[in-house]
Amino acid sequence: ALKGDYYKGESAYQTAVKNAPASITPLTGLLYCYVMSARTDKAIEVAQALIKLDPMNYYANKSLAISAFTKSDYEAAASYYFRLSTAFPFDMESATNLGWCYVYMKKYREGQAIFGNVLAIAPASQDAIDGYAYCTNMLKYEQPAAPVEEEAPDENEPGNDK
């Protein structure tokens with residue numbers, strides 16, 4: 001796999017997985033082979049198996065997030081990116097991608113907050129700058145919540161003395 005022969009690597013990792021089905025390392029190697037050879041369905045399958053063994057596995061969560069984002073399933077992608085951002089708070093790429101998931105879900109306040117957090121750590125992040133500006137602009141068009149008006153008491157209701 002390290003030499004770029006992902007099919008040969010796949011074969012070796014599949015043997016390792018059969019020998020140690022509860023081991024994280026061979027599954028991670030197999031995931032790498034599938035990601036690098038653009039076999040998305042197999043990558044998703046292996047990433048899901050990895051998550052069962054290691055729910056915070058960086059590569060499995062990242063693979064599932066990218067796959068969901070690519071399929072425009074922004075809610076699923078956001079859940080994986082949120083998990084990554086929580087477990088790896090200095091992973092600015094995952095945080096920024098979480099912000100973009102919120103943008104595509106039209107959750108501009110959440111996106112703005114995420115991009116703002118990224119900019120606090122990485123002020124030169126053009127992707128976060130663009131995302132923050134976009135959310136700020138979109139929030140200008142958001143309808144403010146209508147104030148709740150209290151109804152005047154019904155004069156004919158019992159207990160309302162005139």
Residue-normalised value, i.e. accessible area per residue, for the chain at 1.4 Å probe, in Å², stands at 65 Å²
Per its Cα gyration tensor (rounded if a/c is under 1.5, else prolate when a/b beats b/c, else oblate), region 40-87 is best filed as oblate
From the cross-link list K42/K71; K71/K107; K71/K140, which pairs have alpha carbons spaced over 24 Å apart?
-> K71/K140
Structure-derived volume of the Cα convex hull per residue in Å³: which label, when the choices are [x] 123; [y] 170; [z] 198 = [z]
Cut-off 13 Å, label 7 Å out along Cα→Cβ of M56, residues of region 5-34 by amide N = none
Can you send over the carbon and sulfur percentage of the accessible area for region 30-83, probe radius 1.4 Å, protein chains only?
-> 58 percent
Any idea which of Y74, F115, M56 is furthest toward the positive side of the dipole for region 1-151, if Lys and Arg beta-carbons carry +1 and Asp and Glu beta-carbons -1?
-> M56
What does the highest-first list of 131-137, 37-43, 15-21 look like by mean Cβ count within 10 Å?
-> 131-137, 37-43, 15-21
Simple Cβ-charge dipole of region 1-75, Lys/Arg +1 and Asp/Glu -1, about Cα centre, in debye nearest 20 = 200 debye
Determine the dipole magnitude for the chain: charges of +1 sit on the beta-carbon of Lys and Arg, -1 on that of Asp and Glu, nothing else is charged, the reference point is the Cα centre, and the result goes in debye to the nearest 20.
-> 1440 debye
FRET efficiency estimate (nearest 0.05) - Cβ-Cβ, D130 to Y7, R0 35 angstrom | 0.35
Pseudo-spin-label distance T25 to I121, built 7 Å along Cα→Cβ, given in nm, is 2.9 nm
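The values are calculated or read from the model by the stated rules, or taken from the named source; none is laboratory data. Bear in mind the structure is a predicted one, so any value in this text is a computation, not a measurement. Please note: Cβ atoms are built from the backbone with ideal geometry, for glycine as well, and neighbour counts cover all protein chains shown. The accessibility values were calculated without ligands, DNA or RNA, using every heavy atom of the protein model including side chains. Shrake-Rupley method; radii C 1.70, N 1.55, O 1.52, S 1.80 Å.
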